[in-house]
Amino acid sequence: MKEQDLHNSIVDYLNLYPHILWTSTLGGIFLGKRNFRQKAIIKKHYKKGVPDLLIFEPNEKYNGLMVELKVKYNKPSKHQQIWLANLSARGYKAVLCYSLEEFIEIFTNYSKTI
C-alpha cells in the first residue's frame with residue numbers, strides 16, 4: 001500500500017462523520033508532474049512537516065488530533081518529528097499512524113470525549 005492509498009482510505013472514513021471539523025494536507029498525495037510555477041507556489045505556501053490530517057475537534061484532554069501517515073517501515077522526517085513534538089507541546093494529540101485500522105482505533109478512543 002502507498003501512503004496516498006492510506007490517506008484516501010482515511011479520508012473516506014472521516015467523511016462518514018460530517019459533524020467532525022477536519023482537513024487533509026496534500027503532502028503525501030502525488031498530484032502528477034509540476035511545472036516551475038506550481039513548484040514555486042507550493043514551496044511558498046506549504047510548510048514542511050505539517051501532519052497529513054488535522055482534526056479540529058477538542059476533547060476533554062486535547063485541543064485537536066493531528067495525524068502523520070506512514071506506510072510499511074517509513075519513518076517521519078526531521079521536519080515531521082518537530083511538528084508532532086511542537087503540536088504535542090501545544091496541547092494537541094499528535095500521532096504517527098501506519099494503517100486504517102490503527103487510525104480507526106486512535107480516532108475512536110480520541111472521539112469518546114469530544
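Values in this text are rule-based calculations from the coordinates and carry no lab data. No experiment lies behind these values; they were computed from the predicted model shown. Cβ atoms come from the backbone with ideal geometry, glycine included; neighbour counts cover every protein chain shown.
Using the structure shown, select from 33/75; 33/61; 33/93; 33/70 the pairs with a Cα to Cα distance greater than 32 angstrom.
33/61; 33/93
Along Cα→Cβ, 7 Å out, is where each label goes; now give me the distance between the ones at residue 74 and residue 20 in nm to one decimal.
My value for the distance between the label points is 2.0 nm.
For each of 48, 33, count neighbouring Cβ atoms within 10 Å of the residue's Cβ, then give the residues from fewest to most.
33, 48
Rounded to a whole number, what is D in µm²/s for the chain from Stokes-Einstein with the Kirkwood radius over alpha-carbon pairs (20 °C, 1.002 mPa s)?
The diffusion coefficient I find is 144 µm²/s.
In degrees, nearest 10, range 0 to 90: what is the angle between the Cα axis of helix 100-111 and the longest Cα principal axis of the chain?
Its long axis makes an angle of about 50 degrees.
Fewest to most neighbouring Cβ within 10 Å: what's the order for 2, 44, 93?
44, 2, 93
Ranked by Cβ crowding within 10 angstrom, fewest neighbours first, how are 103, 56 ordered?
56, 103
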